[in-house]
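Written out below as structure tokens is the structure these notes cover.
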């Protein structure tokens, strides 16, 4: 295993750890009970530094850790979509680096899509027949997921140039 | 921003019990069987069997019932919401009607069925994390996924990253706390204003935090290489996982129980 690989592995692990640490830190409490955290920021930064494949790994690790450390399972597909896949989806930010915002938007939308899909799976299994599952899920997830993702994108925008100087 | 003193990470309750002593791979697979089994039953007998099985697991694991019930806390709104919409919006024979509100016989059954199913699922999954430490889970997952290595799945790397991350979450929480206090001492107002203003106030916390992460990653990577870390091949463990006959018995029993619960469900009595 060459130097670069170990370096990526360790930094990915620390990015996942920081994502978890930041997820315990509430930046802002939403009126309806959800909270805004900066958990996406380290994973975005990591995937911008090392690319899609590394980002997928770090994201899945972060998701699995969140599942182990306090997640909940109500449906097999929900467990996958809400945790490993949602976090791994952020790494799609690496597919488009210029302009930076486009990539970040792709990553954030991919994560949002995972949660909406998981909501659809949940409501399809648990809500009465005839419920508009897509609308329910999009509203439910949108209320707290979207502000968090938007703030993360802004945070990256402010931080990225400063970190480039540090290396 | 409330800070995290004496925070415990995860839900693991270290107790000396036969369930704790089981191999993590066995527990992960058995939990999977139970979750599928709970998902597949819909009549009183099936739910009763699973409740009995769950009670037996809890008492064998010597976990206080209060802690087991607290695993439902993050989802109780979901449970209540699901039950309530079924209660009011299921068509059928009305048993109670008052103006717009109509509760049907079928609605009550569906509300109880869905609520019970959700709670059992969450509690079964909760038992896994209550009785298995996060590190054991990471080791167990690595072992279970290692057959997929031949298709290029990085099972060892993922488990290694999980172990490192678990070790560093408390450290990074401390670092965050330290930097936040340092910036507050310099006059930063981290708890005032709307989300955007807080985010801007948070930038002087995030930048040093990321610099620290990059430096630590560099140090740790160097340390690992100095000790000749070469990835998963040929690596030995300090505490290797040991699969005992008891684990095989437990796994087979839970599989048979799940099959029996699904097969017997609705056989004698249906609603």
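As an exercise, use a Förster radius of 22 Å and the Cβ-Cβ distance of residue B:55 and residue B:246 to find the FRET efficiency, rounded to the nearest 0.05.
Efficiency for this residue pair is about 0.60.
Highest average first, the peptides A:40-49, A:77-86 ordered by how many other beta carbon atoms sit within 10 Å of their residues are A:40-49, A:77-86. Of B:214, B:145, B:53, which has the largest mean-square fluctuation in a 10 Å C-alpha GNM of chain B? The residue with the greatest mean-square fluctuation here is B:214.
Report the calculated FRET efficiency for residue B:178 and residue A:139 (r = Cβ-Cβ distance, R0 = 30 Å), to the nearest 0.05.
The formula returns an efficiency of 0.15 here.
Shielding value for A:62-71 is 6, the average number of Cβ atoms from other chains within 10 Å of each residue's Cβ.
For chain B, the relative contact order comes to 33 percent (Cα pairs under 8 Å, sequence separation of at least 6). Computed log10 I(q)/I(0) for the protein assembly as shown at 0.06, 0.08, 0.10 Å⁻¹: -0.28, -0.50, -0.78, from the Debye equation with unit scatterers placed on every C-alpha and solvent omitted. You can think of it this way: the chain between residue B:171 and residue B:97 has 20.9 nm of extra reach, that is 0.36 nm per residue less the Cα-Cα gap. Which residue fluctuates the most in chain B, going by a Gaussian network model with Cα springs under 10 Å, if the choices are B:75, B:203, B:112? Its mean-square fluctuation being the largest, the pick is B:203. Put the Cα centre of segment B:223-254 next to the Cα centre of segment A:61-100 and the gap is 26 Å. Modelled spin-label separation between residue B:215 and residue B:70, with each label point placed 7 Å from Cα along the Cα-to-Cβ direction: 3.6 nm.
Among A:56, A:27, A:92, the largest mean-square fluctuation in a Gaussian network model of chain A (Cα springs under 10 Å) belongs to A:27. The angle separating the long axis of helix B:155-185 from the principal Cα axis of greatest extent in chain B is about 70 degrees. Relative to the longest principal axis of the Cα atoms of chain B, the long axis of helix B:245-264 lies at roughly 40 degrees. Partner shielding of B:214-227 amounts to 4, given as the average count of beta-carbon atoms from other chains within 10 Å of each residue beta-carbon. Report the percentage of all Cα-Cα pairs in chain A whose separation exceeds 23 Å, rounded to a whole percent. Cα-Cα pairs of chain A separated by over 23 Å account for 38 percent.
Report relative contact order for segment B:11-132 in percent, whole number only (criteria: Cα-Cα under 8 Å, sequence separation at least 6). Dividing the mean separation by the residue count of segment B:11-132 yields 38 percent. Taking Cα centroids, how far is segment B:160-185 from segment A:140-154 in Å? That distance is 24 Å.
Suppose R0 equals 22 Å. What FRET efficiency, 1/(1 + (r/R0)^6) with r the Cβ-Cβ distance, do residue B:238 and residue B:17 give to the nearest 0.05?
Working: r = 23 Å, r/R0 = 1.04.
For R0 = 22 Å, the calculated efficiency reads 0.45.
Throughout, read-outs are computed from the coordinates displayed, never taken from laboratory work. The model shown is predicted, which means the values in this text are computed figures rather than measured ones. Counting neighbours? That spans all protein chains shown, and the Cβs are built from the backbone with ideal geometry, glycine included.
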